[in-house]
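Below is one structure, written out as structure tokens, with a few remarks after it.
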Amino acid sequence: MTTATAMATASERAFRYPYVIGWTGEAQNPPLKWVPRRGGLRLSYAVPHRDDFRNGVLLLRQSQNRTGRPDFKTVNTLRQWRCMDKRLCQVCARSAVDRETGRIWWLLSSGYGGDGDGDGYTNAPPTCPACIPEAISQCSHLRRNAAVFTVGDCSPFGVRADVFVPYLPPVVPFERNAILRFDEYDMHHALGRELLMRLHDVQPAATEGDTSWVA
């Protein structure tokens, strides 16, 4: 093995692909259909699986094999949902809950302002302190805009989803990547891609411009 090859191999080993990102080999495109329900129709897969639904929403079906190429523009729906539900780090999939305080570590854009009471919602899962420097160093957007917070609690807020029109063939969605709140929308017509979490008691963990988090 040449020195250059060894260095490249070592570099590849050192780079960790975040747990939540999607891979090109995970894509699936199973056919959808409408099924009767009380009061109307519900979106479903032509061949349903037991775990198709979360929070009352039909989820985008993907494999979990992480084959092909990493796609940093997408997330794997099940892995993103799992990190949100269980408060896991989106990079390493370990707990992002501080053992001493019980607060959750969250890496967000510095433009995150909540609703004036320190609350707001996000599609980005938590990030544990050990992975924050790595996450910032590997993302050009975060290098310019990163802000670290701790969160007292979080709760499901809504979904980013594709929306289909009942009674029309569910081949092409009426709207893609729509933001739908659980308390405002009938989720029976949506194909969920990402869970949105409402963050409660959001407190800065580092001042804006603090470079101590950057590896």
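If R₀ is 35 angstrom, what is the calculated FRET efficiency for the pair ASP52 and SER95, using the beta carbon separation as r and rounding to 0.05?
Between ASP52 and SER95 the formula returns 0.85.
For segment 83-94, take each phi angle, set θ = phi - 60°, evaluate the Karplus expression 6.51 cos²θ - 1.76 cosθ + 1.60, and give the result in whole Hz per residue in order, putting x for glycine and proline.
In residue order, the calculated couplings are 4, 5, 4, 9, 6, 9, 5, 6, 8, 10, 6, 8 Hz.
For the full complex of protein chains and a 1.4 angstrom probe, list LYS86, LYS33 by accessible area with the highest value first.
Result of the area sort, largest leading: LYS86, LYS33.
TYR121's amide H: which non-local residues (gap 5+, or another chain) put their own amide H closer than 5 Å, with H modeled 1.01 Å from N in plane and none for Pro or chain starts?
Residues meeting the amide H criterion: LEU199.
Taking 7 Å along the Cα-to-C-beta vector as the label spot, tell me the ALA178-SER137 distance in nanometres, rounded to one decimal.
My value for the distance between the label points is 4.3 nm.
Ignoring ligands, DNA and RNA, please state the percent of accessible area on segment 134-210 from carbon and sulfur, probe 1.4 Å.
Ligands and nucleic acids excluded, carbon and sulfur reach 51 percent.
Using only the Cα atoms, work out Rg/Rh for segment 43-185, with Rh taken as the Kirkwood radius, to two decimals.
Working: Rg = 16.9 Å, Rh = 17.1 Å.
When Rh is taken as the Kirkwood radius, the ratio is 0.98.
Using a 1.4 angstrom probe, figure out how much accessible area segment 76-204 has per residue, in square angstrom, rounded to the nearest whole.
Per residue, segment 76-204 has an accessible area of 47 Å².
Considering only the other residues whose Cβ falls under 13 Å of the Cβ of ARG87, what net charge follows from Lys and Arg at +1 and Asp and Glu at -1?
Details: positive: ARG82, LYS86, ARG94, ARG99, ARG103; negative: ASP85, ASP98, ASP153.
Charge balance in the 13 Å sphere: +2.
Using a 1.4 Å probe on the protein chains only, how many percent of the accessible area of segment 24-86 belongs to carbon and sulfur? Before the final figure, lay out the partial values.
On the way: 1900 of 3790 Å².
Accessible surface attributable to carbon and sulfur in segment 24-86 totals 50 percent.
In the neighborhood of LEU41, defined by Cβ-to-Cβ distances under 14 Å, what is the net charge if each Lys or Arg adds +1 and each Asp or Glu adds -1?
Around LEU41, the surrounding residues sum to +3.
Can you put GLU100, GLU134 in order of accessible area, largest first, using a 1.4 Å probe?
Output order, biggest surface exposure first: GLU100, GLU134.
Can you compute 3J(HN,Hα) from phi for each residue in segment 173-190, using the Karplus curve 6.51 cos²θ - 1.76 cosθ + 1.60 with θ = phi - 60°, rounded to whole Hz and x for Gly and Pro?
Those phi angles translate into x, 5, 8, 9, 6, 6, 8, 10, 8, 4, 8, 10, 9, 7, 6, 5, 10, 10 Hz.
The values are calculated or read from the model by the stated rules, or taken from the named source; none is laboratory data. Small disclaimer: the values here were computed from a predicted structure and weren't measured. When we count neighbours, we look across all protein chains shown, and the Cβ atoms used for this are built from the backbone with ideal geometry, even at glycine. Just the protein is used for accessible areas: all its heavy atoms, side chains included, with ligands, DNA and RNA removed. Shrake-Rupley method; radii C 1.70, N 1.55, O 1.52, S 1.80 Å.
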